[in-house]
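Asks: Mind having a look at this structure? Questions to follow.
The values are calculated or read from the model by the stated rules, or taken from the named source; none is laboratory data. On a predicted model such as this, the values are computed, not experimentally measured, just so you know. Note that each Cβ is placed from the backbone with ideal geometry, even for glycine, and that neighbours are counted across all protein chains shown. Just the protein is used for accessible areas: all its heavy atoms, side chains included, with ligands, DNA and RNA removed. Shrake-Rupley method; radii C 1.70, N 1.55, O 1.52, S 1.80 Å.
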Amino acid sequence: MKYSKIMGTGSYLPEKVLTNADIEKIVDTTDEWIVERTGIRERRVASPDENALTMAEIAGQRALEAAGLEPSDLGMIIVASTTPAMVFPSTACLLQARFGIHGCAAFDLNASACAGFIYGFGIADQFIKTGAIKYALVIGSEVMSRIVDWSDRSTCVLFGDGAGAVLLGPSEEPSVLSTHLHADGAYHDVLYLPLNLTKTPSVESLMMNGSRLFKLAVTILDRLFDETLLANQIEKSELDWLIPHQANIRIIQAMAKKLDLSMDRVTVTLDKQGNTSSASIPIALDGAIRDGRIKRGQLLMMEGFGGGLAWGSVLLRY
Ligand code: ACO
C-alpha cells in the first residue's frame, strides 16, 4: 500500500495590512464588534499588480524549495481558488507556464470555496496513492478583497488575501491516513457569489447568511470530526494538532472544545489574516511548520468548509 505525504509547504501574504480601525472608516462598524464576533483584528490586501496567480507562484515556489524539488518533478498542479486570475485558462495552467514546465496535469478547483484546498488535497492524495503520479502541488490562492462588497459591513470585515501551498509526494510509511470530502447543494443559498454573464462586470459580490452558516458549520464539523476519527479508529486524545479553516474564532473554539484540544494545539491565523478562503488552511499549516510548532511524527487534522455547501477533512501523520 502506498501513501502520500507532505514533502514541503509554502505561503505568501500581501504586504498591505488593513486593520479594523481602517475598516471603521469605510463602513459603520467597530474594532470591538469585529474582534468579539469574529476574532479578526487585521487582514492583508493584495496590491493592484497582485492576483491569485502571482501569489500562487510565490507560495508554490516556497513549497518546492522546502521539499527540495524542481517544477519539472511535478505530475499535477491544482489551484483551489474562487478568485482565479482568469476564467480560463486555469490559474494552474498559467502557473505551469510560469514554472516553464510542460505536460503535467494542471487545473483549478473553484466549486467549493473555502473547502477548495481540502478537495484539492484529497484528489492529489488519490493520484499519488495509486502511483498514477509522484508529486503534486496543491495551492489555495485568493484575492477575496476583490469580490466582497466594501459597503456591506456584514461581509467586508471578514475576508483577506493570500496563498498557501503544499507539495505532496509518495511515502512507504502511512502519512496521509484519510481524506473525507462532502457537499450538500441544498444549502447553495447560504453563501454564494453570483455570476451574470449578461452584465458587465459579470461577477457580482459575495453574499452570505452569516448566522445560518455559523450554525451549519458547527453541526457539519462536529459530524465530520467523528467520521474522520472513526474511519481511522483513532481517539481524539491522540490528536496533536487541528488546522481549521479560518472563518470565525468562535467556530474554531467550539471545534477545539469538541476535540478536547487546548487552543495552543490549534492553528489560529485569522486574527492577523481574516478569512482567506481556500488559502487559509495551507497558510496556517505552513506557518506552524516553519516556526517549529508542528513536528514530524505528529498527528494532524485539517478541516475546511464553505460555499456549496462543501466541506472536508484530512487526517495525517506529519
Ligand atoms: N459591525 C457592526 N455590526 C454588524 C456588523 C459589523 N461589521 N455586521 C453585522 N452587524 C450587525 C447586524 O446588522 C446585526 O444587527 P441587528 O441585530 O441590529 O440586526 C447584528 O450585528 C448581529 O448580526 P449577525 O449576523 O446575527 O451576527 P453574528 O453574531 O452571527 O456574526 C458573523 C456575524 C461574524 C458573520 C458570523 O455569523 C459568522 O462568522 N458566520 C460564519 C461565517 C463563515 O463561516 N464563513 C465561512 C465560509 S466563507 C467562504 O466559504 C468564502
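Asks: Relative contact order (percent) for the chain, with alpha-carbon contacts under 8 angstrom and 6 or more residues of separation?
Replies: Computed over the chain, the figure is 26 percent.
Asks: Given 4 °C and 1.567 mPa s, compute D for the chain with the Stokes-Einstein relation, Rh being the Kirkwood radius over Cα pairs; round to the nearest whole µm²/s.
Replies: 67 µm²/s
Asks: Here's a follow-up. Expressed as a whole number of Å, what is the distance separating the alpha-carbon centroids of region 42-88 and region 239-283?
Replies: Here the two parts' Cα centres lie 22 Å apart.
Asks: Also, quick follow-up: Determine Rg/Rh for region 244-318; Rg is computed over alpha-carbon atoms and Rh is the Kirkwood hydrodynamic estimate from the same atoms.
Replies: Over the Cα atoms of region 244-318, Rg/Rh equals 0.93.
Asks: Same structure again: Sort region 1-146 into rounded, prolate or oblate with this rule: let a ≥ b ≥ c be the square roots of the eigenvalues of the Cα gyration tensor; rounded if a/c is under 1.5, and if a/c is not under 1.5, prolate when a/b is larger than b/c, oblate otherwise. Before the final figure, lay out the partial values.
Replies: Numbers: a/c = 2.37, a/b = 1.96, b/c = 1.21.
It comes out prolate by the Cα gyration axes.
Asks: If you take the Cα atoms of region 77-132, find Rg, then find the Kirkwood Rh from the mean of 1/r over all pairs, what is Rg/Rh?
Replies: 0.99
Asks: With just the Cα atoms of region 214-280, tell me how far they stretch along each of the three principal axes, in Å, largest first.
Replies: 35, 25, 20
Asks: Continuing with this model, one more query. Based on C-alpha coordinates, I'd like the Rg and Dmax of region 32-106, in Å.
Replies: 15.8, 51
Asks: Counting only C-alpha contacts under 8 Å and six or more residues apart, can you give the relative contact order of region 106-183 as a whole percent?
Replies: 31 percent
Asks: Before anything else, pin down the relative contact order of region 139-215: Cα pairs under 8 Å, at least 6 apart, normalised by residue count, whole percent.
Replies: 29 percent
Asks: Based on C-alpha coordinates, I'd like the Rg and Dmax of region 82-203, in Å.
Replies: Cα-based Rg and Dmax for region 82-203 come out at 16.8, 53 Å.
Asks: Rolling a 1.4 Å sphere over the protein heavy atoms, what is the accessible area per residue of region 47-86, to the nearest Å²?
Replies: Working: 1530 Å² over 40 residues.
I get 38 Å² per residue for region 47-86.
Asks: May I pose another question? Which of the peptides 202-214, 62-74 is most tightly packed, and how do the rest follow, judged by the mean count of other Cβ atoms within 10 Å per residue?
Replies: Packing order, densest peptide first, comes out as 62-74, 202-214.
Asks: Got a number for carbon plus sulfur as a percent of the chain's accessible area, 1.4 Å probe?
Replies: Roughly 52 percent, rounded to a whole number.
Asks: Using the Kyte-Doolittle scale, find the helices of the chain whose mean hydropathy is at least 0.5 and whose Cα atoms extend 24 Å or more along the helix's long axis, counting only whole DSSP H runs.
Replies: Sorted by number, the helices that extend far enough and score high enough are 210-231.
Asks: Calculate how many DSSP beta bridges within the chain are antiparallel, expressed in % of all such bridges and rounded to the nearest 5.
Replies: Close to 70 percent.
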